[in-house]
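Undergrad: I have a structure here, written as structure tokens, and I will follow up with some questions on it.
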Amino acid sequence: MQKDYSPFVPGQPVAPEFFIGRAEQVKFLFDRIRQTLSGRLDIVFVSGERGIGKTSLAQFVRWYAERELGVVSAYIHLGGIQDVGEVVRRSIERLVQESNGKPWHKRLWNTLRSHIRQVGLFGVTIEFSPPPDLLSNAVRNFSQTLKQLFAALREDAKRLAFRLGRHQRFGAKERIRRLAQKRCGRNGDGKIPVSIVLAGLEEVRTTLIRNNESLARVLLPVEIHLWSEDECAEFSLKAFARVNNQVNDDALETMVQFSGGHPALAHEIGDAVFRIDSDGIIDRRDAYEGILKAAEVVGRKYLEPQVYQAIRSPRYRKILRVLASDPSNFFFQFQRAKILRKLDPNGRKVLDNFLQRMQRLGVIVPDQESGRGAYRFRNALHFFYFGMEGRRRIR
């Protein structure tokens with residue numbers, strides 16, 4: 001059966017109609033954006049594991065705030081950015097790009113047209129290329145830059161919102177924060193309603209604050225957790241219903257269990273199950289076959305190369321099978337002694353080496369609260385991948 005369209009989008013932000021849960025975080029972000037009406041600058045840091053839905057949350061709030069509050073917003077990917085000047089250039093570029101088709105696009109375009117050129121097929125993509133001295137001036141006088149942009153949008157917009165994310169350099173986000181704080185109305189040069197949403201791993205926010213303690217007062221934290229079982233089930237049912245697929249209860253329970261409430265895994269498993277099914281009815285067999293197929297995809301896409309290569313060892317795979325065969329291990333913690341009892345002599349010889357290797361790679365850490373010989377997984381994606389991979393080896 002040819003499957004031309006999948007309702008699941010692994011690795012991509014979900015469309016607003018597929019957005020599930022996060023009501024508390026949505027309300028918090030929406031309220032913060034609304035408070036910028038008075039002309040205040042607001043900076044929020046959304047943190048969470050890889051693939052847990054930071055971008056989807058930010059995109060949904062952008063869509064909702066634009067509809068309800070008249071916000072003009074842009075998402076700026078920080079990959080490859082080396083300095084603040086490039087952040088400013090790319091921010092303006094994305095603001096123009098994402099305003100295409102909106103009422104204010106022509107006014108914004110006319111304001112910047114002397115430094116914008118259309119590139120790509122049919123000129124769909126634009127590039128903002130001001131002379132170096134002009135860009136440098138835009139950075140030094142960031143408040144004036146924002147004022148000019150806001151003046152072009154004022155008839156249709158009440159505030160600006162920027163979502164910045166996906167950059168491994170800690171310093172880049174801190175310089176962005178300093179640039180905005182110093183030049184957006186805190187030095188008496190006028191009030192500009194601006195919201196900035198940073199997104200990254202929690203360790204990034206922690207490192208920023210450790211390097212500059214004043215950031216703790218500026219960056220408002222918003223943490224994203226795993227979905228509940230009900231939210232995960234709701235997402236799967238809604239996605240399959242989009243393509244008129246029926247989902248049996250036992251199949252749904254199996255998919256929810258193996259995804260563990262992790263959005264990235266729910267998408268990967270759902271996509272694999274959808275493509276395996278041949279009759280439009282998702283049963284337990286489809287679910288299991290899809291999970292086994294998804295395990296390999298998740299390993300290649302989400303695990304660091306060192307981790308992925310390490311568990312290719314046949315001896316390590318035996319340990320994975322033991323982890324997966326014990327229902328009590330289907331949590332983030334496990335006990336060395338319980339695994340040791342279930343391994344053959346060859347497996348016992350390599351268990352400690354396996355545990356040490358996984359610790360060096362940052363996959364597991366000792367769980368002091370559970371006693372000696374207890375470990376827990378640092379990342380939910382690693383944990384559930386190991387579970388899926390172990391079950392796949394058992395099959």
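Undergrad: Among the residues of the range 225-269, write down those that are more than 14 Å from F384 (Cβ to Cβ) and in contact (Cβ under 8 Å) with a residue 60 or more places away in the chain.
TA: H225, S228, E231, E234, F235, K238, A239, F240, R242, V243
Undergrad: Could I ask something else about it? Yes or no: F235 among the aromatic types (F, W, Y) and either outside any helix (DSSP H, G or I) or over 21 Å from the mean Cα position of the chain (by Cα) (or both)?
TA: Considered against the rule, which asks whether it is among the aromatic types (F, W, Y) and either outside any helix (DSSP H, G or I) or over 21 Å from the mean Cα position of the chain (by Cα) (or both), F235 comes out as no.
Undergrad: On to the next question. Looking at the range 241-266 only, could you name the residues that are buried (at least 24 other Cβ atoms within 10 Å of the Cβ) and either modelled with pLDDT of 95 or more or not in a helix (DSSP H, G or I) (or both)?
TA: H262
Undergrad: Out of (1) modelled with pLDDT of 85 or more; (2) out of contact with any helix residue (DSSP H, G or I) (no Cβ under 6 Å at 6 or more places or on another chain); (3) not hydroxyl-bearing (S, T, Y), what's the single condition that is false for V350?
TA: (2)
Undergrad: Checking F60 against (1) farther than 16 Å from L160 by Cβ; (2) exposed (fewer than 15 other Cβ atoms within 10 Å of the Cβ), only one condition comes out false. Which one?
TA: (2)
The values are calculated or read from the model by the stated rules, or taken from the named source; none is laboratory data. What you see is a predicted model; the values in this text were computed from it and never measured. When we count neighbours, we look across all protein chains shown, and the Cβ atoms used for this are built from the backbone with ideal geometry, even at glycine.
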